[in-house]
Amino acid sequence: MFVPKVNEKLLEDLEVMGFPKARATRALHCSGNTSLADAINWIVDHENDIDIDEMPLVDVDVEVESTESFPISEEIRIKAQSLREQERKRIEQEEKRLEREREKERIQAGKRLLEAKRVAEENERQRNLSLRKAEKEEEKRAREKVLQKLEQDKLNRKFKQGLPLEGQGTIKSSATKLQKEKKLNPVYTTTKTEQLRECLRNLKRNHQGEDARVRRAFQTLLIYVGNVAKNPKEEKYRKIRLNNPLFLDRVGSLNGGVEFLELCGFERTGDFLHLSQEKVDMALLNSAGFVLNSAMTNPFFGVLSTTHN
């Protein structure tokens, strides 16, 4: 395939007038290379052809004799100017159309970005609300737990001191509610609490003159009891090796130390003291902690008690 030969002089004139080479070549080839006017008229008639700016191709390369440049009349100049103006306007309109499309796309992209930001902020707000709700519920449960513990301690002290419970409607009502909800075991009688207290009294009497050692034993027992009360499902807090050097030094070697843990529910199993999870008694452990605190803070603990055989 060959680019058709056209009148070079006419082609040059068309290019000088501002027409692209491919369009000028196609116009001359299709108008028969006769004249500049025919070529311009062809361009006017075919300006909307989709291939007007494509270089034409032919099967046979035919030489075309170049003639002298055709005189350009005023009419031809006006047509050429009109064509150039139309082309310029077409290009401007196309550019404006493309710019409008780009502006629409920018606006849509901005809207999508704002919507994505709004959704993200709304999700974050919902997460914060959920977290705050969970925190409030946790705070509420913590307050209720503290109130329950205070009421439990009040009842324990009443039982321990043998005082009547008349006039304690609020405490009795709360205790009844707690029992129904199975959040706390029934309050222990003075007999159970007194067994724990008497065990510590015996330990203190058996080691008179060793106040620092006795106090350290009480502190260690409180740690054992407290760990189980705080973490009843943790096996490591419910299992104590009897031959552990630290345990032997602080508790095991003192007469009454192991017995106190057994009163709290621990059982000897081989070389260990073990408290099974199903036998964890929170009320008993709370009573044990109360008695240990009393033993450490009351300077007269065990001094006025009588000796039990």
When restricted to 125, 77, the only residue farther than 30 Å from residue 286 by Cβ, open to solvent by 100 Å² or more (accessible area, probe 1.4 Å) and at pLDDT 85 or above is 125
When both residues are 6+ apart or on different chains and their Cβ atoms are under 7 Å apart, which pairs have a first residue that lies in the range 23-34 and is more than 14 Å from residue 12 (Cβ to Cβ) and of a type in the set (Ser, Thr, Tyr), and a second that is in a helix (DSSP H, G or I) and at pLDDT below 90?
31/38; 31/39
Take the residues in the range 83-104 that are open to solvent by less than 100 Å² (accessible area, probe 1.4 Å) and either among the acidic types (Asp, Glu) or in contact with a helix residue (DSSP H, G or I) (Cβ under 8 Å, 6 or more places away or on another chain) (or both); name whichever of them is farthest from residue 20 (Cα to Cα).
103
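Return a yes/no flag: does the range 264-277 have any residue that is assigned by the TED database to the domain that holds residue 206, touching a residue at least 60 places away in the same chain (Cβ under 8 Å) and surrounded by 15 or more Cβ atoms within 10 Å (Cβ to Cβ).
Within the range 264-277, the subset assigned by the TED database to the domain that holds residue 206 is 264-277.
Going one step further and asking which of them are touching a residue at least 60 places away in the same chain (Cβ under 8 Å), we end up with 264.
Checking which are surrounded by 15 or more Cβ atoms within 10 Å (Cβ to Cβ) leaves us with 264.
Taking every residue of the range 264-277 in turn, at least one turns out to be assigned by the TED database to the domain that holds residue 206, touching a residue at least 60 places away in the same chain (Cβ under 8 Å) and surrounded by 15 or more Cβ atoms within 10 Å (Cβ to Cβ).
Out of the range 205-230, which residues are outside any helix (DSSP H, G or I) and either modelled with pLDDT of 95 or more or open to solvent by less than 50 Å² (accessible area, probe 1.4 Å) (or both)? Let's see the steps before the verdict.
The initial filter retains those residues of the range 205-230 that are outside any helix (DSSP H, G or I), namely 207-210.
Within the range 205-230, just 207 meets the criteria.
The values are calculated or read from the model by the stated rules, or taken from the named source; none is laboratory data. Just so you know, these numbers come straight off a predicted model, no measurement behind them. Methodologically, a virtual Cβ is constructed for each residue, glycine included, from the backbone with ideal geometry; neighbour enumeration extends over all protein chains shown. Ligands, DNA and RNA are excluded from the accessible area calculation, which covers all protein heavy atoms including side chains. Shrake-Rupley method; radii C 1.70, N 1.55, O 1.52, S 1.80 Å.
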